[in-house]
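The values are calculated or read from the model by the stated rules, or taken from the named source; none is laboratory data. None of the values given here were measured: they were computed from a predicted structure. In this analysis, Cβ positions are derived from the backbone assuming ideal geometry, glycine residues included, and neighbour counts consider all displayed protein chains.
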Amino acid sequence: MDFKKELSLFDLTNIIVGSIIGADIYIASAITAGMLGPFSLVIWILAGIFATVIALVFAYCSYYVPKVGGPFAYVSAAFDDFYGFLTGWSLWIAELISLPVFAIAFVRYLEYLLPLNTTEEILVKGIFLFGLTSVNILGVKMAGRVNDILTLVKLLPLLLLICFGIIFFISHPSIFFGNYHPFIPVGVSGTGSALVLIFWAYAGFELGTLPAAEVKDPRSTIPKAIIIGMSIVGIFYLATNFIVYGAVNWADLAKTSTPLILVGGVLLGTFGALIMTLGALVSVSGSNESGMLGTGRLSYAMSIDGLFPRIFSSLHPKYGTPYIGLAVQGLIAFLISLYTPITTLISFAVFNLAFAFLLTCLSLIILTRDTEKQLIGQKVFPWIGVMICIYLVYSTSSFDKVIGGFIILAGVAVYVFFSPKQDIHHLKDLFISEEAIFIRAMAKRERFLGHFMLLLYRGYKRMKRRIVKS
């Protein structure tokens, strides 16, 4: 059964905006305020530049490889299915880890209206995650339409906050600028960690490339949607944070888990706090709905290539959606949401995202090597993206690096078990045979750095012979 091509430019742009603007803008400002104070605004700008560069890499990749699966498809086309799988595996883990964040944030903001005990919090998380899972199972068109509505509605409270924030800025300039002084109250030692958390706030553009088989004219629509979506997000994020740090002192922001309620209360009293609460609930729901839509398509793409359990490629006989994959990810997200701190989830998600983005940037270098097309920046952006991804991985915690490394290795085991036989032999040779590591994997001159690695290998063999003879 084939996917139905029902997502327009408007739908896909809303999926991207909906995936990006969600729990992040409603919680990240408070977390980073305690790390850097008002200087966080500079990191929001820097993270936006980082995300835009990588988003452009995705846009160019989708132009050359407009297939369902997004980065999994790009890396597979540039290298082979093994590296494509590792990319898809890391991205799937990252997106799966992100889903519980939205459920946790939803509960935090709901408690402003309705205090909940522990049992009630668990119940709300379950209803939230499984309710949106059901929407996605009912069909991509319905999911797309629901996301269109949620995306448009979620932007209205932010627009309201920005408008009244500007009025506050004009009428109380001394208070506004007073909250920006001192601009760097606690130093810049937390820049790397803050950048990781804020970068996650911009993540989500990659989900717009995953349902490519359901997009009308994907070669044109996907790049346009990514560029338009990132522009909308950048404007709202910078404007919102400019108001947030000007309306409320950074020390007060650092003490709350619901910063936009605090800001809304300062600007509009109880009415403002209520509007921000309702906006947060809708915004978080829209972001999680978009995330489920894209993540379900990713596991489907890996499954139909024989690299993931076959059950993930099962499409609903009536709605034509990967309902098993959607149900499984909803269940896993629910279980994770019960125990894990939100900052730990975000940081670990960024580690996996950065690894997947790194391979995606490298794939664009290969995809554009022999092409006659000359898209603006296609030779430069992937190299900048590589450096950005390496810095993000470096800036994550030691826990993220260790556990993330183990999960990537676990992905190798999954690949060995599920890949076709010829790919299993390729993988075993790749990891067991020294000769294959240098000759089969890197000796082909057309591969990235292949000729250079071949020369190193030959030099190594000659030195080894001389040592043995002596």
Item to complete: Find the residue count for region 180-232, including only residues that are among the acidic types (Asp, Glu) and either in a loop (DSSP other than H, G, I, E, B) or at pLDDT 90 or above (or both).
Response: 1
Worksheet item: Taking region 61-98, which residues are in a helix (DSSP H, G or I), of a type in the set (Phe, Trp, Tyr) and modelled with pLDDT of 80 or more?
Response: 64, 74, 82, 83, 85, 89, 92
Worksheet entry | Qualifying positions in region 320-340 - of a type in the set (Ser, Thr, Tyr), surrounded by 16 or more Cβ atoms within 10 Å (Cβ to Cβ) and not in a helix (DSSP H, G or I) | 321
Worksheet item: Looking at residue 53, is it more than 18 Å from residue 408 (Cα to Cα), of a type in the set (A, V, I, L, M, F, W, C) and in the same structural domain as residue 200 (by TED's automatic domain parsing)?
Response: yes
